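Asks: One structure follows; several queries about it will come next.
The values are calculated or read from the model by the stated rules, or taken from the named source; none is laboratory data. It should be emphasised that the depicted structure is a prediction, and the values quoted were computed from it without experimental measurement. Every residue, glycine as well, gets a Cβ built from its backbone with ideal geometry; the counts of neighbours run over all protein chains shown. Only protein heavy atoms, including side chains, enter the accessible area calculation; ligands, DNA and RNA are left aside. Shrake-Rupley method; radii C 1.70, N 1.55, O 1.52, S 1.80 Å.
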Amino acid sequence: MGGGQLAKMPNKSCFLLIVVAGLERFAFKGVASNLVTYLTDVVKMSNSAAAKTVSSWCGFTSMVPLLVAPFADSYWDQYSTILVSSSLYVLGLIALTSTAVVGPWAATNKTSFSSSLFWSLYLISLGQGGYNPSLQAFGAFQLEDELEEELPCSKKEEPSSNKKSWFFQWWYFGICSGCLLGVSVMSYIQDTFGWGLGFAIPTIVMVSSVAFFSWGSRFYAYKQQQQQPAKAAADFMPFESLARAVKTTASKVMNVRFTSSSKSDQVELELQEKPICREGLEVGEGQDKDGSNTGTHLLEITRIVLRLLPIWTMLLTFAVIFQQPATFFTKQGMTMERNIGSGFKIPPATLQSAITVSIVLLMPLYDTLFIPLARIVTWNEKGVSVMQRMGIGMFLSVVAMATAALVEGKRLEIGRNSGSETETVPLSIFWLLPQYVLLGISDIFTVVGMQEFFYSEVPVRMRTMGIALYTSVFGVGSFLSALLISVVEYFTGLGGGNRSWFSDDMREARLDKYYWLLASASAVSLLTFVILCRFYKSRL
């Protein structure tokens, strides 16, 4: 990244939105990071059922943006989408808190309790599905609006590219800071003071996030709708905007016309390659005066998705690995020595904070140490390309899973030799730290690279769709994780006549073999990814 760009602090709206995103991540991770413990200890699910439930829920949460994004880009505005979806988000958290409060008295009607629990979780998913991609695209637009004013059209694209890299890097830094607090603080509160308080605090934090976002309305830059006079931020009415969006949607569905949009596509391509200027923005928003090219929007989405599909597919294994800290890594930790002194016991889910700690501490070194060294090797001003950045992270995820397999093998060996009647083995939980830290470092490369890649590889007017494509990797990866658990459980358990790798008795489970399987699959994906990158022509 250009040295001058890095030193510049974010503008007021970008900074506020990064804070808002961090608060949302605190709320979500405060629920998700320890959910597997809640399902096994309170709901009384088996280890494999709880892991599949968490993976499926995370998958659904990450897939919803793919359904919402086309409407947010085409017919709705991002600001209204954020407000409406955040309301659903808060309602889901309130419902989840209420299930935790009444849980001890719901033993007589477990069906009703489970139904309420899952409805509240999926209400959170629906809310977050519109909230997250719209918020990130809205935040990136604040920076692009600033670039539009600062950069004349004759300049090179490098400053714009550097600023985008800067934004996505520090956006990720912000949400990782929220994740760190959510994982470390909430898992301790949930294990120590109970689940009612443990879910109530994320609810309060999410309400605060929405309040901060609404308070900043006067600072934001808004996309102006064509054929409408510009509105001042103070006059921006989200509910009127939403009503107009519904009316516009119905009108366009009834009067859709398919015409050529080659001129619009050409302008979109130019916008990707040059700094944004006012003239290009007005045309690039993609509507002629009569709105005649709207009918091709679905076809354009399909074409872009197909173009990105091979790279998207190769990232799925990384997304499967991404599910392990919140599921089986946590179950590993529950069987290890967790005492510090005589009175404090480390909640297993707290170790997930090692991922975010490593990100928060090491991300500044990416700019100050890694990039200068990479420039010497690659002769690239950015050090490494976005796709190279993703590849490095994928390689580190392979190393992380191999490390996890070795540690799990050591845990099983010590458990067998100790002769203990309990699941707890005389091995410190801190032996799990290397695999967490390696995943944190791989996130710095892969996740930040994915955000920039999918955002920049779509036309300007489809930026929310780009963010949704990024989140959908983790959505499908979560479903694949649940499916893989079912398949492995079948062939190693009852279906195959062998001892299941996911036995509820952690002395009998073989998570080490499962980790080796993931490491092997990730290595194959990495090799295929490298081959695909040789043929892919990036817009970056």
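Asks: For the stretch 320-370, what class follows from the C-alpha gyration tensor (a ≥ b ≥ c being the square roots of its eigenvalues): rounded when a/c is under 1.5, otherwise prolate if a/b is larger than b/c, else oblate?
Replies: Taking the square roots of the gyration eigenvalues as a ≥ b ≥ c, the stretch 320-370 is oblate.
Asks: Take the alpha carbon gyration tensor of the stretch 472-537, find the square roots of its eigenvalues, order them as a ≥ b ≥ c, and report rounded if a/c is under 1.5; if not, report prolate when a/b exceeds b/c, else oblate. Present the calculation step by step, with values, prior to reporting the outcome.
Replies: Details: a/c = 3.04, a/b = 2.33, b/c = 1.31.
Verdict is prolate for the stretch 472-537.
Asks: Determine, from the Cβ-Cβ distance of GLU508 and TYR122 and an R0 of 41 Å, the FRET efficiency 1/(1 + (r/R0)^6), rounded to the nearest 0.05. The partial results should precede the final answer.
Replies: Working: r = 33 Å, r/R0 = 0.80.
Given R0 = 41 Å and the Cβ-Cβ separation, E is 0.80.
Asks: Using a 1.4 Å probe, how large is the accessible area of ILE531, given in Å² and rounded to the nearest 10?
Replies: 90
Asks: On to the next question. What is the magnitude of the charge dipole of the stretch 423-540 about its Cα centre, with +1 placed on the Cβ of each Lys and Arg, -1 on the Cβ of each Asp and Glu, and no other charges, expressed in debye to the nearest 20?
Replies: Once rounded to the nearest 20, the dipole reads 620 debye.
Asks: Right, another one. Output the Cα-based Rg and Dmax of the stretch 333-430 in Å, rounding Rg to one decimal and Dmax to a whole number.
Replies: 19.2, 59
Asks: Starting from the stretch 410-468, pick out the GluC sites (Glu not before Pro) whose DSSP state is loop and whose Cβ has at most 14 other Cβ atoms within 10 Å.
Replies: Values: sites: GLU413, GLU421, GLU423, GLU452, GLU457; in loops: GLU421, GLU423, GLU457.
Within the stretch 410-468, the qualifying GluC sites (Glu not before Pro) (loop, at most 14 other Cβ atoms within 10 Å) are GLU421.
Asks: Also: Within the set LYS29/LYS513; LYS44/LYS410; LYS12/LYS382; LYS410/LYS513; LYS52/LYS345, which residue pairs have Cα atoms separated by over 21 Å?
Replies: LYS29/LYS513; LYS44/LYS410; LYS12/LYS382; LYS52/LYS345
Asks: Is the shape of the stretch 420-531 rounded, prolate or oblate, going by the alpha carbon gyration tensor and its root eigenvalues a ≥ b ≥ c, with a/c under 1.5 for rounded and a/b larger than b/c for prolate?
Replies: The shape class here is prolate.
Asks: Related question: Between THR424 and VAL487, what is 0.36 nm times their sequence separation minus the Cα-Cα distance? Round to one decimal in nm.
Replies: Roughly 19.9 nm would be gained on extension.
Asks: Would you mind getting me the FRET efficiency between SER217 and VAL101? Use the beta-carbon distance for r and R0 = 51 Å, nearest 0.05.
Replies: Values: r = 33 Å, r/R0 = 0.66.
That pair, SER217 with VAL101, gives E of 0.95.
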